[in-house]
Structures are given as structure tokens and as C-alpha cells.
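Asker: First, the structure itself, so that you have it in front of you.
The values are calculated or read from the model by the stated rules, or taken from the named source; none is laboratory data. Predicted, not measured: the structure shown is a model, and the values here were computed from it. Positions of Cβ are generated from backbone atoms using ideal geometry, with glycine treated the same way; all protein chains shown enter the neighbour counts. Each accessible area value is taken on the protein alone, full model and side chains, heavy atoms only, with ligands, DNA and RNA left out. Shrake-Rupley method; radii C 1.70, N 1.55, O 1.52, S 1.80 Å.
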Amino acid sequence: MLPSEAIERVDLQILLSEKKVYRNGKAILLNRHEFDALVYLARHPGWVRSKEQIYEAVWTAEVADYENAVMWCISRLRKKLEPYPDRLQYIHTVKGVGYKFEYHPIRE
């Protein structure tokens with residue numbers, strides 16, 4: 001069996017061919033948009049992506065309000081991914097620009 005292609009960031013593992021995500025070994029169930037948005041951001045940690053760039057990379061069908069679609073997707077992704085919603089570790093907002101994936105460990 002060939003090893004699967006994966007993106008690994010500290011406690012997060014994204015298995016690309018299986019379309020599965022694990023945080024600390026625990027499976028996180030994501031829909032297609034959430035998974036694809038996460039992969040798009042995680043492939044280039046630290047790079048800021050606009051809502052339009054995320055929409056164009058992830059959505060295959062046109063939606064009436066792409067900005068709200070992307071914001072909803074990121075919001076759902078954070079709820080599933082972030083252990084402490086008030087202290088984000090993975091997906092960060094860059095005000096007026098977009099979003100970026102960057103790991104910031106929580107310091108107790």
C-alpha cells in the first residue's frame with residue numbers, strides 16, 4: 001500500500017486522498033467545502049487568501065453571495081477544528097483582506 005499524501009501541522013493531520021482530517025488523532029468530520037478550504041489554506045501557511053480567492057479555489061457552482069458562503073464555511077470549519085473558539089490556533093482573519101492558516105499554540 002502506498003502512503004497517502006498528507007499535510008501535517010503540529011497536532012493536525014490532513015489526509016488528502018482519503019479526504020480526512022485528524023486533530024490529536026481524533027477524526028474531524030468536514031463537508032467538501034470545509035475540507036477543500038482547509039487544504040487550500042494549509043498548503044501555504046502564513047499566506048493570506050481573500051474570500052474571492054478561497055471561493056474560486058473551492059466552489060464549483062456559482063453562488064449568489066460568495067462572500068457570505070466563504071465566511072459561513074470558515075465559521076463552520078473553525079467550530080469543528082478549533083479546540084478553544086475564543087483563542088484561534090489555525091485559521092486567522094486578516095481584517096479587510098481575508099484568511100490565513102498559521103499555527104499559534106495556546107499558552108496556558
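Asker: May I ask you to give the solvent-accessible area per residue for the chain, in square angstrom, as obtained with a 1.4 angstrom probe?
Answerer: 64 Å²
Asker: I've got another one for you. Only Cα pairs within less than 10 Å get springs; with that Gaussian network setup on the chain, which residue of 18, 56, 34 has the largest fluctuation?
Answerer: 18
Asker: Past 22 Å, Cα to Cα, is the threshold; run 26/51; 51/100; 20/79; 20/95 against it and keep the listed order.
Answerer: Details: 26/51 29 Å; 51/100 11 Å; 20/79 16 Å; 20/95 29 Å.
The answer is 26/51; 20/95.
Asker: Within the chain, what whole-number % of the accessible surface is contributed by carbon and sulfur, with the 1.4 Å probe and all protein chains included in the calculation? All intermediate terms of the calculation are to be shown ahead of the outcome.
Answerer: Numbers: 3510 of 6860 Å².
It is 51 percent, rounded to a whole number.
Asker: Where is the GNM fluctuation largest for the chain (alpha-carbon springs, 10 angstrom cutoff): 69, 27, 61?
Answerer: Per the Cα network of the chain with a 10 Å cutoff, 61 tops the list.
Asker: What is the chain by shape, rounded, prolate or oblate, if you read a ≥ b ≥ c off the alpha carbon gyration tensor as root eigenvalues and call it rounded for a/c under 1.5, prolate for a/b larger than b/c, and oblate otherwise?
Answerer: It is oblate, given that a/c is not under 1.5 and a/b is not larger than b/c.
Asker: Let me ask you something else. Order the following by accessible area, largest value first: 72, 47. Probe radius 1.4 Å; ligands, DNA and RNA are ignored. Let's see the in-between values first.
Answerer: Numbers: 72 160, 47 135 Å².
Result, largest first: 72, 47.
Asker: How far apart, in nm, are two points set 7 Å out from the Cα along the Cα-to-Cβ line at residue 80 and at residue 94?
Answerer: About 2.5 nm separates the two model spin labels.
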